[in-house]
1. Looking only at the chain, where both bridge partners belong to it, what percent of the DSSP beta bridges are antiparallel (to the nearest 5)?
2. Arg92 to Asn76: extension gain in nm, 0.36 nm per residue of separation minus the Cα-Cα distance?
3. Can you tell me the dipole magnitude for the chain around its Cα centre, using point charges on the Cβ only (Lys, Arg +1; Asp, Glu -1), in Debye to the nearest 20?
4. Which of the peptides 72-81, 147-156, 162-171, 126-135 is most tightly packed, and how do the rest follow, judged by the mean count of other Cβ atoms within 10 Å per residue?
5. Of the peptides 247-253, 196-202, how do they stack up when ordered by the mean number of other Cβ atoms within 10 Å, highest first?
6. In deg cm²/dmol, rounded to 500, what helix-only [θ] at 222 nm does the chain give when every DSSP H run of at least 4 residues adds -39500 (n - 2.57) and the total is split over its residues?
7. Quick one: what do you get for the stretch 26-79 if you divide its Cα Rg by 2.2 N^0.38 Å?
8. For the stretch 91-211, rounded, prolate or oblate, judged on the Cα gyration tensor with a ≥ b ≥ c (square roots of eigenvalues), a/c < 1.5 rounded, else prolate if a/b > b/c?
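What follows draws every value from the coordinates through simple rules; no lab data is involved. What you are looking at is a predicted structure, and each value in this text was computed from that prediction instead of being measured. Note that each Cβ is placed from the backbone with ideal geometry, even for glycine, and that neighbours are counted across all protein chains shown.
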Amino acid sequence: MTVTGNYRSRFPVLFVGHGTPLNAIRDNIFTQTWARLGQTIRPRAILSISAHWYTRGTRVTALERPPTIYDFVYRNLGHLSYPAPGSPSLARRVAELLQPAPVMNDRQWGLDHGTWSVLLKTYPAANIPVVQLSIDGMESTRFHFDLGRRLRPLRDEGVFIIASGNIVHNLNLSIRSGPEIPYPWAERFDATVREKLLSRNWNDLIEYQTLGDDWAYAIPTPDHYLPLLYALGAADELEPLSFPAEGIVSGSMSMRSVLFGAV
């Protein structure tokens, strides 16, 4: 089934474990999965919530031509760009839906690697308008879930909501050479989140600090976990749920992706 056309079918929501920016130049099971999703899901526009736009207050990109942001240390990626158009009209619609939460139009930020490294593989033609929504680092987990819920109408308007982060993300403990054997705590926490997703226990996922002791290693900072809560909010608890990709890389990073809705 290809989701496209007149948009009478509700678009799915995707949480994607984006991992390293080097995935932009790699061919692996994760990038192949992203490519297959792009061949199946054809939206009129994309709203991305990336872990790498972590702000004070909520912002939305309002540029006609958002720049490609190189927010990493890898010099061998500088030749890449993702020149997708923006959509000021979608930015206005997002701000409207999120009321009464204040949303600031941002005309400086563009597409960071949490967005473009995935979209480069998913929609390589870069011809679909993309808008980014920031994550307010001063707010509670419940606040982010509630914003995701307010974004749900976009799914009936031809917009593909992609939340980009990592369920387990601990760079300080990542294995950079030798066998990348997953840490037991990383496997356990990823499995716990998977079980909570399958049982539709959204509240436990929102209150992730109640999920045993492993969360402190898995989520040393919340920025990469919070995108999942936007996806949960935009999802319907009763709709199909699947895991297009999964696995632990570098010992301490979950590449699990979660697709809400039938494709």
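1. Working: 9 of 32 bridges.
Around 30 percent antiparallel, to the nearest 5.
2. Working: separation 16, 0.36 × 16 = 5.76 nm, distance 3.56 nm.
Length gained between Arg92 and Asn76: 2.2 nm.
3. Details: 25 positive and 24 negative charges, 164 e Å.
Computed charge dipole of the chain: roughly 780 debye.
4. Details: 72-81: 11.4, 147-156: 18.9, 162-171: 26.4, 126-135: 22.0.
Those peptides, ordered most packed to least, come out 162-171, 126-135, 147-156, 72-81.
5. Working: 247-253: 20.7, 196-202: 14.6.
My ranking of the peptides, most packed first, is 247-253, 196-202.
6. Working: 8 runs with 76 residues, N = 263.
Result for the chain: -8500 deg cm²/dmol, rounded to the nearest 500.
7. Values: Rg = 14.5 Å, N = 54, 2.2 N^0.38 = 10.0 Å.
Compactness ratio reported: 1.45.
8. Oblate.
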